[in-house]
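Chemist: One structure, as structure tokens, below. Some questions next.
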Amino acid sequence: MAIIQQLHDRPSPLISVVVVNWNRRELLRACLESLKRQQAVDFEVLVIDNGSDDGSPEMVAKDFALIGNKPTKLIRNSMNMGFCAANNQGIQAAHGTLVALLNNDAEAGPDWLCALSRAFESRPDVGMAASKILVYEDPTRIDKAGHLIYPDGQNRGRGMGDLDDGRFDTPGEVLWPDGCAAMYHMQMLNEIGVFDEDFFAYGDDAELGLRARIAGWKCLYVPAAVVRHHRGSTLGLESTRRLKLIERNRVLLVMKLFPWSLLWRNWWYYGARLAAGAWASFHDAGDTARFPGWKGKLRMAQALLAGDLAALVLSPRMFRKRREFQRFRRLSPRDIRLLLERYRISLSELLK
């Protein structure tokens, strides 16, 4: 409590909180209520609605016209622009030195913004801060505490599914923050750019986070910044569209940011992960358990193939962006490999 009080006694910079919504009115209500309870920070809230028809924007205008001491800015899109484009709209309209993202299916603890903002104090190399994200339905378990990555580009939240038993209570550097509840320095975003809108949704935070790391920025994990998250509420954990986007964006990430030495070997790592996934499927374990029976496994395989083909279509654009990004790069190919190895997730952990 003394540490939190010390945090509250210090002035904070203006923080812009961007919340993207699509037809999740009651989840959005709970999310915005949690922002009303934020303590000891100067912040504004921007809600980007992606063409909801469930009364979400009307609810925001009526019940959340003012959050904190500032009017809520509501941007209404006529259609679903995707997570990336909508967040970019919010970032473009933001006035803060720091930009926080909070999913509409997440609820932040009262010290969330205050704790995250302190990660940037006296650390000009820190461009990102990661929250301790807990599973909403079982807050004794970790949803994500930063991210880990497998060499084929598949990434997963650090500690996902583990008990919150003290192992994730130590602040420190992580690979990148989960976009569900993250904070970014506007200076970093102005330098390297915002979300890549070709990703639409899923894996977009990985692309932005790894791009930032390659450009020399660091990410700090802040365990005092606690958020509870309803997992998979946008498309659902059993959605084949979700699976297709995750697979497509995994490949796009590799094309755009991985060193050539890892890119050429990607097929080997991908094959190893598929083989391990097939073993898990045989034992009805891991993500494959969400697609029961041979028909479910067939749907899963079709979604993965569709994602790979969609990535192939976008490959010329990704390689063009790869060339354009070279001027921002601070890490050598060897440095990137070492970074990915440092935060590598094992196959057994990935399939858990």
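Chemist: Within the stretch 118-129, is there a residue that is farther than 30 Å from P259 by Cβ and either basic (K, R) or under 19 Å from the mean Cα position of the chain (by Cα) (or both)?
Modeler: For the stretch 118-129, residues farther than 30 Å from P259 by Cβ and either basic (K, R) or under 19 Å from the mean Cα position of the chain (by Cα) (or both): present.
Chemist: Considering only the stretch 16-53, state which residues are assigned to a loop (DSSP other than H, G, I, E, B) and surrounded by 17 or more Cβ atoms within 10 Å (Cβ to Cβ).
Modeler: W22, N23, R24, Q38, A40, V41, S52
Chemist: Further, regarding this structure: Out of G82, G157, I need the residue that is within 30 Å of W264 (Cβ to Cβ) and surrounded by fewer than 24 Cβ atoms within 10 Å (Cβ to Cβ). Which one? Before you say what the answer is, go through the steps one by one.
Modeler: Numbers: G82 fails: within 30 Å of W264 (Cβ to Cβ).
Matching residue, one of G82, G157: G157.
Chemist: From the list D138, D165, D125, D205, which residue is out of contact with any Ser or Thr (no Cβ under 7 Å at 6 or more places or on another chain), of a type in the set (D, E, K, R) and within 30 Å of G271 (Cβ to Cβ)?
Modeler: Details: D138 fails: within 30 Å of G271 (Cβ to Cβ); D165 fails: within 30 Å of G271 (Cβ to Cβ); D125 fails: within 30 Å of G271 (Cβ to Cβ).
D205 is the lone residue from the list that is out of contact with any Ser or Thr (no Cβ under 7 Å at 6 or more places or on another chain), of a type in the set (D, E, K, R) and within 30 Å of G271 (Cβ to Cβ).
Chemist: Select from the stretch 211-249 the residues that are surrounded by fewer than 23 Cβ atoms within 10 Å (Cβ to Cβ), among the small types (G, A, S) and at pLDDT 95 or above and write down the one among them that is nearest to E324 (Cα to Cα).
Modeler: The qualifying residue nearest to E324 (Cα to Cα) is A215.
Chemist: If I ask for residues that are buried (at least 17 other Cβ atoms within 10 Å of the Cβ) and modelled with pLDDT under 95, which ones from the stretch 54-79 would you list?
Modeler: Residue satisfying the conditions is G68 alone.
Chemist: Now a separate question. Within the stretch 111-149, take every residue that is surrounded by fewer than 23 Cβ atoms within 10 Å (Cβ to Cβ) and part of a loop (DSSP other than H, G, I, E, B) and give me the one that is modelled with the lowest pLDDT.
Modeler: Looking at the filtered set, the residue picked out is S122.
Chemist: Right, next: Just the residues that are within 20 Å of M183 (Cα to Cα) and modelled with pLDDT under 90, please, taken from the stretch 4-39.
Modeler: I4, L7, H8, R10, P11, S12, P13, listed by residue number.
Condition check ((1) in contact with a Gly (Cβ under 6 Å, 6 or more places away or on another chain); (2) hydroxyl-bearing (S, T, Y); (3) surrounded by fewer than 18 Cβ atoms within 10 Å (Cβ to Cβ); (4) closer than 15 Å to G90 by Cβ) across all residues:
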{"position": "E173", "(1), (2), (3), (4)": "no, no, yes, no"}
{"position": "G179", "(1), (2), (3), (4)": "no, no, no, yes"}
{"position": "M183", "(1), (2), (3), (4)": "no, no, no, yes"}
{"position": "M188", "(1), (2), (3), (4)": "yes, no, no, no"}
{"position": "F200", "(1), (2), (3), (4)": "yes, no, no, no"}
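Chemist: Out of A100, A85, which single residue is of a type outside the set (S, T, N, Q), touching a residue at least 60 places away in the same chain (Cβ under 8 Å) and over 18 Å from L32 (Cβ atoms)?
Modeler: A85
Chemist: Separate question: Just to be sure I understand, how many residues within the stretch 313-324 are of a type in the set (A, V, I, L, M, F, W, C), in contact (Cβ under 8 Å) with a residue 12 or more places away in the chain and either touching a strand residue (DSSP E or B) at 6+ places or on another chain (Cβ under 6 Å) or surrounded by fewer than 16 Cβ atoms within 10 Å (Cβ to Cβ) (or both)?
Modeler: Going through the stretch 313-324 one residue at a time, the tally reaches 1.
The values are calculated or read from the model by the stated rules, or taken from the named source; none is laboratory data. All of these numbers come straight from a predicted model, not from anything done at the bench. Neighbour counts are summed over all protein chains in view; Cβ atoms, including those assigned to glycine, are modelled from backbone coordinates with ideal geometry.
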